[in-house]
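Novice: I'd like to ask some things about the structure below.
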Amino acid sequence: MPANETPLKHKVLVVDDEKKVGKSLGRLLSLENIEYVYCTSAKEALKSITSAQTPFSLILSDQRMPEIMGIDFIERAKTITPDTICFLITAYSDLKTIIDSVNKGSVYHYITKPWSYDELVTKIKSALKKYETIIKHKALLNKAVKQNKKLYTLDCNLMAATDKINLELETLDREVGSLEDELKSTA
């Protein structure tokens with residue numbers, strides 16, 4: 001990482017109506033020194049997303065929750081924070097849900113309960129790296145846009161200065177031509 005770049009501080013949102021599962025995911029993240037916020041409902045999680053000072057890097061959401069299903073929650077969350085990586089977690093294998101969520105691009109990984117600790121940690125770390133890449137690319141794109149605006153302004157200024165100099169040169173050429181004509185007529 002370049003010297004002038006500060007490391008990205010990740011925060012993960014865990015959403016599961018089963019407190020045992022939420023606490024288990026929280027312990028897993030804590031063991032990996034990853035900060036997290038735990039919510040027991042999709043509505044509470046949406047409030048956390050909208051009130052967060054910085055976007056969550058990753059959302060781990062259960063699929064089967066009262067009021068709002070996980071995939072519906074993730075779709076709403078992505079409208080608020082589109083760069084956040086999302087995992088859908090469920091004990092039930094609903095192939096249509098998996099296919100729909102992947103096709104819509106809203107879910108990065110589908111995790112089945114019970115999960116393998118090592119496998120889940122690997123997927124989480126991979127997702128956090130992907131989030132970092134997304135954020136870095138956006139920052140570079142914004143920098144490029146700003147630099148292009150500056151270059152455009154400089155180019156416009158240069159063109160205006162060139163036009164002004166060309167006008168002055170044309171005026172001087174005419175004056176020189178007039179002086180040459182005068183010299184020829186007096187000679």
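The values are calculated or read from the model by the stated rules, or taken from the named source; none is laboratory data. Fair warning: this is a prediction, and the values are worked out from it, not measured in the lab. Every residue, glycine among them, receives a Cβ derived from its backbone with ideal geometry; neighbour counts consider all protein chains shown.
Novice: If you scan the range 12-70, which residues turn out to be of a type in the set (Ser, Thr, Tyr) and either outside any loop (DSSP other than H, G, I, E, B) or surrounded by 14 or more Cβ atoms within 10 Å (Cβ to Cβ) (or both)?
Specialist: SER24, SER30, TYR36, TYR38, THR40, SER41, SER48, THR50, SER51, SER57, SER61 - these are the residues of the range 12-70 that are of a type in the set (Ser, Thr, Tyr) and either outside any loop (DSSP other than H, G, I, E, B) or surrounded by 14 or more Cβ atoms within 10 Å (Cβ to Cβ) (or both).
Novice: Turning to a different aspect of this structure: Which of (1) within 20 Å of the chain's Cα centre (by Cα); (2) at pLDDT below 90 is the odd one out, the single condition PRO114 does not satisfy?
Specialist: PRO114 satisfies every listed condition except (1).
Novice: Kindly evaluate ASP173 against the criterion of being within 21 Å of LYS11 (Cα to Cα) and out of contact with any Ser or Thr (no Cβ under 7 Å at 6 or more places or on another chain). Spell out the reasoning first.
Specialist: Details: within 21 Å of LYS11 (Cα to Cα): no; out of contact with any Ser or Thr (no Cβ under 7 Å at 6 or more places or on another chain): yes.
When the stated conditions are applied, ASP173 does not pass them.
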